[in-house]
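Peer 1: One structure is given below, represented as C-alpha cells, and several questions about it will come after.
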Amino acid sequence: MKYRVGFCSIVLFFLFTINELNAQDTEDANRPIFLTVTTLQGADGFDFEEWLAIEEEYFEKVTSKIDLLTSHEVLMSYFAPQFGEIKVINVIHSWEDIIKVNERRKELIEEAWPDEVERNAFFEKQNSFYKSKHSDEIFLTADNAKDLDRLPGQNVPYVFMIKTNILSDTEDENSYENYNKYVEEVIDNNSKIQAYYPFSHFWGDDSREFVEMFVLDSFSDAELSQYEANALISDMYPEEADRKKFLASIFSAIESQSTSFYKNIPSLSK
C-alpha cells in the first residue's frame, strides 16, 4: 500500500497560525515555524467531485485530528487547467513535531480504516487522482508576517498570490532595512492584502529562494492592491526620485522573481 505523498506524509510548506504561538513562552514564541510544501500534479480526466469527496474523508478522519499540525491548506492553480497543479501546505512548530505528526498520522489511518483491504482500496483510489511526479520543500517563517483575521468556523475561499524571489549575491546596503519599511508602511496598511507571509529557504531545490505569500479576497484585488501600494509609497516619498531610489534598493536584493496564483479549498483547511 502506498500513501499518497502530501496529504498522507508530513515530512514536508505552512500558514495562518503565527499568531497562535504561546505568547507566554518567549523563547518558543520567537522560534521559527517549519512550513512544508508538497507540489502535486493531477491525473488527466479526473472527476472533481469524486476527488473532493475522497480528500474530505481523509481530512475529516486524519488531518483535522492531528493537533500538532497547526495549519493545513490545499491550493489549486488559479489559471492552469483544473487539477493541473496542487500545493499541500502544512505548518508545524518544530522539527521534532514533524516526526510526531507523521506517527500520529499513521495511528489515525489505522483507526479510520482498521480493515487492511478497505484501507488499501481507499489509498489506491486516492493515489489514482495524481501523477507520480511531485516535489517537496521546507521553509522557515520569516519576520514581518501580517496575519489573516479569520474567525473560528469561517469557511471562505481566498486567492493566494505567491511570489518566489531568487535572492541576489549583491545588494544595496539598505535593502533589508527598506524591505522592512515597505512591509510596515505599505503591506501592513494595504486594505486589499488580507494576509502576508514571508518564508526563507530551509530545504529544497534552491537555497536562494525567499517566498512571499499574499492572501487576497479575489483575483481582482491583486491589481487593486498594487494601485493602493503605489498610493502608499507616494505618501512615504512624494518625490519621484526618492520613490525610485527606495524601490531600487529593495529590488537590488532580488535576482529574479516569479508570481503564481492559487485558490484554496475551504473544506480542506485546518
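Peer 1: Select from the range 156-170 the residues that are part of a loop (DSSP other than H, G, I, E, B) and not hydrophobic (A, V, I, L, M, F, W, C) and list them in ascending order.
Peer 2: Of all residues in the range 156-170, those part of a loop (DSSP other than H, G, I, E, B) come to 156-158, 168-170.
Of everything in the range 156-170, those that are part of a loop (DSSP other than H, G, I, E, B) and not hydrophobic (A, V, I, L, M, F, W, C) turn out to be PRO157, TYR158, SER168, ASP169, THR170.
Peer 1: Of the residues that sit in the range 244-270 and are assigned to a loop (DSSP other than H, G, I, E, B) and farther than 27 Å from LEU40 by Cα, which one is most open to solvent (accessible area, probe 1.4 Å)? Steps first, answer last, please.
Peer 2: Step one: list which residues in the range 244-270 are assigned to a loop (DSSP other than H, G, I, E, B), which gives 252-253, 265, 269-270.
With the extra rule that they be farther than 27 Å from LEU40 by Cα, the set shrinks to 252-253.
Details: SER252: 36, ALA253: 16 Å².
Among residues in the range 244-270 that are assigned to a loop (DSSP other than H, G, I, E, B) and farther than 27 Å from LEU40 by Cα, the one most open to solvent (accessible area, probe 1.4 Å) is SER252.
Peer 1: Further question on the same structure: GLU173: open to solvent by 80 Å² or more (accessible area, probe 1.4 Å), under 24 Å from SER252 (Cβ atoms) and outside any helix (DSSP H, G or I), yes or no?
Peer 2: On the way: open to solvent by 80 Å² or more (accessible area, probe 1.4 Å): yes; under 24 Å from SER252 (Cβ atoms): yes; outside any helix (DSSP H, G or I): yes.
Taking the combined requirement at face value, the residue satisfies it.
Peer 1: Please find, within the range 44-76, the residue that is farthest from the chain's Cα centre (by Cα) out of those that are under 16 Å from PRO266 (Cα atoms), of a type in the set (Phe, Trp, Tyr) and open to solvent by 20 Å² or more (accessible area, probe 1.4 Å).
Peer 2: It comes out as PHE48.
Peer 1: Condition check: assigned to a loop (DSSP other than H, G, I, E, B) and surrounded by 15 or more Cβ atoms within 10 Å (Cβ to Cβ). Does ARG105 satisfy that?
Peer 2: Values: assigned to a loop (DSSP other than H, G, I, E, B): no; surrounded by 15 or more Cβ atoms within 10 Å (Cβ to Cβ): yes.
So ARG105 does not fit the description; no.
Peer 1: A further question on this structure: Out of ASN178, ASN190, which single residue is modelled with pLDDT of 95 or more, crowded, with 17+ Cβ neighbours inside 10 Å and in a helix (DSSP H, G or I)?
Peer 2: Working: ASN190 fails: in a helix (DSSP H, G or I).
None of the other options fit; the residue is ASN178.
Peer 1: Exactly one of (1) at pLDDT 90 or above; (2) assigned to a strand (DSSP E or B) is unmet by THR70. Its number?
Peer 2: In the conditions (1) at pLDDT 90 or above; (2) assigned to a strand (DSSP E or B), THR70 misses (1) alone.
Peer 1: Say whether the condition of being at pLDDT 90 or above, under 18 Å from the mean Cα position of the chain (by Cα), of a type in the set (Gly, Ala, Ser) and on the phi < 0 side of the Ramachandran plot is met by at least one residue in the range 119-133.
Peer 2: No, there is no match, as no residue in the range 119-133 is at pLDDT 90 or above, under 18 Å from the mean Cα position of the chain (by Cα), of a type in the set (Gly, Ala, Ser) and on the phi < 0 side of the Ramachandran plot.
Peer 1: In the range 111-155, what residues are open to solvent by 50 Å² or more (accessible area, probe 1.4 Å) and part of a strand (DSSP E or B)?
Peer 2: LYS131, SER132, LYS133, HIS134, SER135
Peer 1: Could you tell me which of the residues GLY153, GLY204 is more than 19 Å from the chain's Cα centre (by Cα) and at pLDDT below 95?
Peer 2: On the way: GLY204 fails: more than 19 Å from the chain's Cα centre (by Cα).
Result of the check over GLY153, GLY204: GLY153.
Peer 1: Can you tell me which residue is modelled with the lowest pLDDT among those in the range 77-101 that are surrounded by fewer than 19 Cβ atoms within 10 Å (Cβ to Cβ) and under 30 Å from ASP47 (Cβ atoms)?
Peer 2: By that ranking, first place goes to GLN82.
The values are calculated or read from the model by the stated rules, or taken from the named source; none is laboratory data. Since we're looking at a predicted model, the values are computed, not measured. Heads up, the Cβs are rebuilt from the backbone with ideal geometry, glycines too, and the neighbour counts pull from every protein chain shown. For the accessible areas, the whole protein counts, side chains as well, though only heavy atoms, and no ligand, DNA or RNA atoms are used. Shrake-Rupley method; radii C 1.70, N 1.55, O 1.52, S 1.80 Å.
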